[in-house]
1. Does the stretch 363-374 contain at least one residue that is open to solvent by 50 Å² or more (accessible area, probe 1.4 Å), at pLDDT below 90 and not charged (D, E, K, R)?
2. Please determine, by comparing only the residues of the stretch 17-47 that are among the basic types (Lys, Arg) and open to solvent by 10 Å² or more (accessible area, probe 1.4 Å), which one is modelled with the lowest pLDDT.
3. Cβ-Cβ distance below 6 Å, separation of 6 or more or different chains: which pairs start in the stretch 20-35 with a residue that is over 12 Å from Gly109 (Cα atoms) and end on one that is in a helix (DSSP H, G or I) and of a type in the set (A, V, I, L, M, F, W, C)?
4. Only one of these is modelled with pLDDT under 95 and either aliphatic (A, V, I, L, M) or touching a strand residue (DSSP E or B) at 6+ places or on another chain (Cβ under 9 Å) (or both): Ala182, Ala136, Ala165, Ala132. Name it.
5. Which is in a helix (DSSP H, G or I), of a type in the set (Val, Ile, Thr) and within 23 Å of the chain's Cα centre (by Cα), of Val276, Val299, Val290, Val285?
6. Looking at Cys438, Cys401, which is the one that is in contact with a helix residue (DSSP H, G or I) (Cβ under 6 Å, 6 or more places away or on another chain), modelled with pLDDT of 90 or more and either part of a helix (DSSP H, G or I) or surrounded by fewer than 19 Cβ atoms within 10 Å (Cβ to Cβ) (or both)?
7. Being in contact (Cβ under 8 Å) with a residue 24 or more places away in the chain, under 24 Å from His337 (Cβ atoms), part of a helix (DSSP H, G or I) and touching a Lys or Arg at 6+ places or on another chain (Cβ under 9 Å), is that true of even one residue in the stretch 232-253?
8. May I ask you to list pairs of residues, at least six apart or on different chains, whose Cβ atoms are under 8 Å apart, with the first in the stretch 135-158 being closer than 21 Å to Ala224 by Cα and the second being open to solvent by less than 10 Å² (accessible area, probe 1.4 Å) and among the acidic types (Asp, Glu)?
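The values are calculated or read from the model by the stated rules, or taken from the named source; none is laboratory data. Given the structure is predicted, the values throughout are model-derived calculations rather than measurements. Virtual Cβ from ideal backbone geometry, glycine too; neighbours counted across all protein chains shown. Calculation scope for accessible area: heavy atoms of the full protein, side chains included, ligands and nucleic acids excluded. Shrake-Rupley method; radii C 1.70, N 1.55, O 1.52, S 1.80 Å.
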Amino acid sequence: MRDGRPVRDGRPVRDGRPVRSAVAAVLVGLAVAAVAWWRLGPVTRRTVWAEDGGIFLRDRVALGPWDLLHPYAGYLHVLPRLVVDLAWALPVPAYALVVSTTACVLVGGIAALVFVLSRQVLRPWPLRLLLAAVPAVLPLAPVEISGNVANLHWYCMLLAPWLFAHRSRSWWAAGTLAAVTALTVLTEPQTVLFLPLLALAWLPVRRAASGRPDLRALPVTVTALVAGAAQVVTSVSSVRTSEPGSPSWQDLVAGYLLQPFAGAWNARVGTAVEAVLTHGWSVLVVPALVVVGMLAAAVLVGTWRARFLVVALAVGSLVVWVAAIIANGTSERPWAHLSAGMVGDPPLRYAAGAGLLLVSAVALAAGVLVQWGSGVTTDPAQRDRPSSVLLRVVVAAVGWCAVAAVVASSVVSLAPATTRRSAGPEWAPQIPAAERECRADPRLQVVRVEIAPWGAEVPCDRLR
C-alpha cells in the first residue's frame, strides 16, 4: 500500500471507482432528462411557458447579457436567464424547443448530482437511483414546473441540501461544487433555509496530513453564504407585486394534504378532494401518519448525517408550502371546508415544489431503513451496535414497502402527462407569419407571438 492505495510491481494501482462513478452519474442524468422530456409530450415541448417568453425574454432583449443579476418578483434568477440567453442566441424558430430541452437536461444534471452526493448517506446504488429519479417521476412535475426555466428554481431547491451537506474529498471537487452552489442559490432564495446543513460538511472536524484542519468545505460554504446574502438583499430591496395572504392554519394543513401529499401519488388532486368528501379526512390523515412514522424511524436508526437530511427535506417541504401560500394570497383556498366545486381545481405549482422535497424525504428515509435493516451503513460506529435480527428484518421490510410505493407512483405517472401547455400554442409555427408581418411594415419594431398563458414580443430585427 502507498498513501492508502494498492501497489503492484512497485507502482500504485489505479482505482477505477471514480471513473465508474462518473459514468454511472452521466447515465443517471441522461435517463432522468429523457424521462422528463418524454413526460412533457410533443406539444408541451414546443410551447413557451410564462416568464420564459415574457419577463426573461423581454429583459434579455432590453438588457442584453447583463440581465443575469436583474431581479424579478423579489429575487434573482441566474440559471433561467442563462438558459434564455442560450436559446435567444440560436435561430428564433428553435427557441421553445431549446428552452424545454435545456431545462430537461439541467434536471438530469441535478439528478446526477443527487445520485453522486447521496453516496455519503446511501451506499447501494439502486436506492440512490430512486432518490435521483424523483425530479422526473414526481406525478405533479409535468403539469407546470417541468420543461421550462420559469420553474427551474424548484429543482435547485431540491439540490441545495445535498450541496451544503457534502464533504468534498478534493479541492477540485470543492471548487466544482462551489460553482454549482453559486448557480443554485442565485436562482432560488429559499435555499437559505438549508444553510444550517453546511455544518455537516465541517463536522466532525477533519485534519490534513500536516495536522491542520481540512478546509475543503470552505469554497461551498463561502459561496452559499455570499449568494444567500445576495438573495436576501435583493428580496428586501425589491418590490413584490403579489399580495400576501392570511390563510388559517387549518387551511394550510388541509391544503398540504390535498396538494403536495396527495399529489405525490396522483397529479389529479381533485381525486383526493372527491375521496375526502366521500369518505372523510381519514383517507389522507392515516397515510400521512404512516409516512411520519416512517420518517421518524429513519431518524432513529439512521446515521447522524442521514437524520439531518431526512428532517431537512421533510420540514423544508412544509415550510416551502406554507411560505408560498402566505406570500401569494391569490393561491389561498378554503381547503379545510371542502365543497363539490373544488373537485376540478388544478394542482398549484407550489404543490410540486413542496412535493419534490416530500417524496425525496420519503425515498431517503426508505433507503435508510433498508440499508440499516440489511446491515449496510456509511457510519463505521454503527456496525458494532447490537440489534435484534427480527428488528432489522422488520425495519428493512418497512423500507422496502416505502420503496415499492414510490416506484409504483412513479410507474403509474410515466406516460406523457396533461400539462398547462398541452393545448399550445406552439412557438415555431407562428414565426413565419411573424416574419411576414415584420417585412410588410418596416416601421414595426416588435411583433406578438402567442405563448402559454401570455404573449411574447419578438423584435423584428431578429425576424427580418
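1. Here is the first cut: in the stretch 363-374, the residues open to solvent by 50 Å² or more (accessible area, probe 1.4 Å) are 374.
Now drop any that are not at pLDDT below 90, which leaves 374.
So of that shortlist, the ones also not charged (D, E, K, R) come out as 374.
The answer is yes; a qualifying residue exists.
2. To start, the set of residues in the stretch 17-47 that are among the basic types (Lys, Arg) comprises 17, 20, 39, 45-46.
So of that shortlist, the ones also open to solvent by 10 Å² or more (accessible area, probe 1.4 Å) come out as 17, 20, 45-46.
On the way: Arg17: 70, Arg20: 85, Arg45: 96, Arg46: 97.
Within the stretch 17-47, the match that is modelled with the lowest pLDDT is Arg17.
3. From the stretch 20-35, the pairs are Val35/Ala136.
4. Being modelled with pLDDT under 95 and either aliphatic (A, V, I, L, M) or touching a strand residue (DSSP E or B) at 6+ places or on another chain (Cβ under 9 Å) (or both) holds for just one of Ala182, Ala136, Ala165, Ala132, which is Ala136.
5. Val299
6. Working: Cys401 fails: in contact with a helix residue (DSSP H, G or I) (Cβ under 6 Å, 6 or more places away or on another chain).
Exactly one residue qualifies, and that residue is Cys438.
7. Yes, the stretch 232-253 contains a residue that is in contact (Cβ under 8 Å) with a residue 24 or more places away in the chain, under 24 Å from His337 (Cβ atoms), part of a helix (DSSP H, G or I) and touching a Lys or Arg at 6+ places or on another chain (Cβ under 9 Å).
8. The qualifying pairs are His153/Glu188; Trp154/Glu188; Cys156/Glu188; Met157/Glu188.
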